[in-house]
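Worksheet for the structure shown next.
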Amino acid sequence: MQINGANVLVTGANRGLGRQFARSFVERGAAKVYATARRPELIDVPGVIPVRLDVTDSASIAAAAEAAPDVNVLVNNAGISTGASLVTGDLALIRSELDTHFYGTLGVIRAFAPRLAGGAILNVLSAISWLAAEGAGAYHVAKAAEWALTNSVRLELAGQDTLVTGLHLGAADTDMMAWYEGYKTSPEEIVAAALDGIEAGRTEVLADVWSKQVKAWLAEDPSVIYREAAVALSDLSS
C-alpha cells in the first residue's frame with residue numbers, strides 16, 4: 001500500500017493523533033486527505049478537506065461516506081476516555097466508550113468497506129487493549145472490543161485484499177494524556193510508525209516501548225502481568 005497518491009480519510013482529526021495523521025499524510029504525498037471531526041471548523045491542517053463526522057451517529061457516517069466517495073485508506077482514530085470504572089461507574093459513560101470505539105469504528109468500516117478493495121484500514125488501538133488499568137475500566141473494555149473487531153474485520157475483508165492494521169501505543173503526548181506525568185511518546189513518532197507499517201503491509205504496529213512490553217507479557221499468568229506492569233509504570237512515572 002503506497003501512501004503517495006492515496007485518498008485518505010482520518011476520523012477525529014481536529015487534535016492529537018488525528019491531527020498528526022492528517023498532517024503526515026499530506027507530507028507523504030497523499031492525493032486527498034479527508035480530515036473529519038464533529039466540529040470540522042476546528043480542523044487547522046493545511047491541504048486537507050474538512051468533513052463533518054460523528055462516529056456515533058449513523059446518519060453522519062452515511063453523509064461522510066457520500067462526501068468522500070474515493071477513499072482507499074481509512075484511519076479510525078476518533079476516541080474518548082471517560083475514566084469510568086465498570087463496577088461503580090456511570091453506565092451512560094461506559095456505553096459512550098463502546099459506542100465510540102467499537103460501534104463507531106464498526107459503523108465507519110461498514111460504510112467505507114466496499115470501496116477499500118486493495119486499500120487499507122488502520123485502527124488506532126492501545127496497549128490498554130491488552131492490559132487493564134485503574135481508572136480506565138470502560139476504556140479497556142472498549143479498546144479490547146475494538147482490537148477483536150480489528151482481527152475479525154481483517155478476516156472478513158481478506159477476500160477483497162484490504163489491509164487491516166491495528167496500531168497499539170502507550171501514553172502519547174496529546175491533550176487526552178495531559179494529566180499523565182510519566183514518559184509520553186510524541187504524536188510524530190507514533191504516526192510515523194503507523195504509516196511505515198501501512199506501507200510495509202503490516203497487520204500490527206507496536207509504536208513504542210510500552211506497547212511492545214505489554215504484548216510480550218500476554219503469555220504470562222495475569223498475576224505476573226499486573227505485578228510487572230505495576231513496577232514498570234512506577235519506573236515510567238518517576
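I'd like the orientation of helix 222-237 relative to the chain: the angle between its Cα long axis and the longest Cα principal axis, in ° from 0 to 90, rounded to 10. Helix 222-237 sits at roughly 80 degrees to that axis. Here the chain carries DSSP beta bridges of which approximately 0% are antiparallel, counting only pairs with both residues inside.
By how many degrees, between 0 and 90 and to the nearest 10, does the Cα long axis of helix 58-67 differ from the longest principal axis of the chain? Helix 58-67 sits roughly 50 degrees off the main axis of the chain. Accessible surface for region 4-158, divided over its residues, is 43 Å² per residue with a 1.4 Å probe.
Taking only DSSP H segments of four or more residues, each worth -39500 (n - 2.57), what value at 222 nm results for the chain once the sum is divided by all its residues, to the nearest 500 deg cm²/dmol? Let's see the in-between values first.
Numbers: 8 runs with 96 residues, N = 238.
It comes out at -12500 deg cm²/dmol, rounded to the nearest 500.
Checking every one of the GluC sites (Glu not before Pro) in region 204-234 against DSSP loop status and a limit of 14 other Cβ atoms within 10 Å picks out E220. For the chain, the fraction of alpha-carbon pairs lying more than 32 Å apart is 15 percent, rounded to a whole number. Axis angle, to the nearest 10 degrees, between helix 137-156 and the longest C-alpha principal axis of the chain: 50 degrees. Over region 91-164, the pair-distance histogram of Cα-Cα distances with 10 Å bins from zero comes to 20, 48, 24, 8, 0 percent, rounded to whole numbers. In the frame of its principal axes, region 11-145 has Cα extents of 47, 29, 26 Å, reported largest first.
Derived scalar couplings between HN and Hα for region 69-79 equal x, 10, 5, 10, 9, 10, 10, 8, 10, 3, x Hz in order, rounded to whole Hz, by the Karplus curve 6.51 cos²θ - 1.76 cosθ + 1.60 (θ = phi - 60°), x for Gly and Pro. Where is the GNM fluctuation largest for the chain (alpha-carbon springs, 10 angstrom cutoff): T82, T162, T56? Of T82, T162, T56, the Gaussian network model singles out T82 as fluctuating most.
With contacts taken as Cα pairs under 8 Å at a separation of at least 6 residues, region 1-109 carries a relative contact order of 26 percent.
Residue-wise HN-Hα couplings along region 196-206, as the Karplus relation 6.51 cos²θ - 1.76 cosθ + 1.60 with θ = phi - 60° gives them from phi, are 4, x, 4, 5, 8, x, 7, 8, 9, 10, 9 Hz; Gly and Pro carry x. Take every Cα pair under 8 Å whose residues are at least 6 apart in sequence, average their separation, divide by the length of the chain, and the relative contact order is 17 percent.
The values are calculated or read from the model by the stated rules, or taken from the named source; none is laboratory data. What you see is a predicted model, and the numbers here were worked out from it, not measured in a lab. No Cβ is skipped: glycine too gets one built from the backbone with ideal geometry, and neighbour counts run over all protein chains shown. Please note that ligands, DNA and RNA were not included when accessible areas were found on the heavy atoms of the full protein model with its side chains. Shrake-Rupley method; radii C 1.70, N 1.55, O 1.52, S 1.80 Å.
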